[in-house]
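The values are calculated or read from the model by the stated rules, or taken from the named source; none is laboratory data. Bear in mind that the values here come from a model prediction, so they are computed numbers and not experimental data. Here the Cβ positions follow ideal geometry from the backbone for every residue, glycine too, while neighbour counts run over all protein chains shown. Calculation scope for accessible area: heavy atoms of the full protein, side chains included, ligands and nucleic acids excluded. Shrake-Rupley method; radii C 1.70, N 1.55, O 1.52, S 1.80 Å.
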Amino acid sequence: METLFKDPLVTPDEIRTSELPNLAEGIDSVSTRYGFRPTPPSSWAPLHWKKSAR
């Protein structure tokens, strides 16, 4: 498609991505694939969103 059209509506990568299953593997999918345990934003925000001193 990319050879026929300058700006195709759908690229081959997008077609391949849509064919993949779109479900999460489970609650530990992040730690299984990437090797770290995700933390919720509620634990990060109090430490990093402090008001600056004026």
Full-extension gain in nm, residue 27 to residue 47, via 0.36 nm per residue minus C-alpha separation
4.7 nm
Please label the shape of the chain as rounded, prolate or oblate, based on the square roots a ≥ b ≥ c of the eigenvalues of the alpha-carbon gyration tensor (a/c under 1.5 means rounded; beyond that, a/b larger than b/c means prolate, else oblate).
oblate
Note to self, the chain gives a 222 nm [θ] from helices alone (DSSP H runs n ≥ 4, -39500 (n - 2.57) apiece, / all residues, nearest 500) of -10500 deg cm²/dmol
Of the accessible area of the chain, computed with a 1.4 Å probe and all protein chains kept, carbon and sulfur make up a percent value of 59
Heavy-atom accessible area per residue - the chain, 1.4 Å, Å²
107
Assign unit charges at the C-beta atoms only (+1 for Lys and Arg, -1 for Asp and Glu), then state the dipole size of the chain relative to its Cα centre in Debye, rounded to the nearest 20.
700
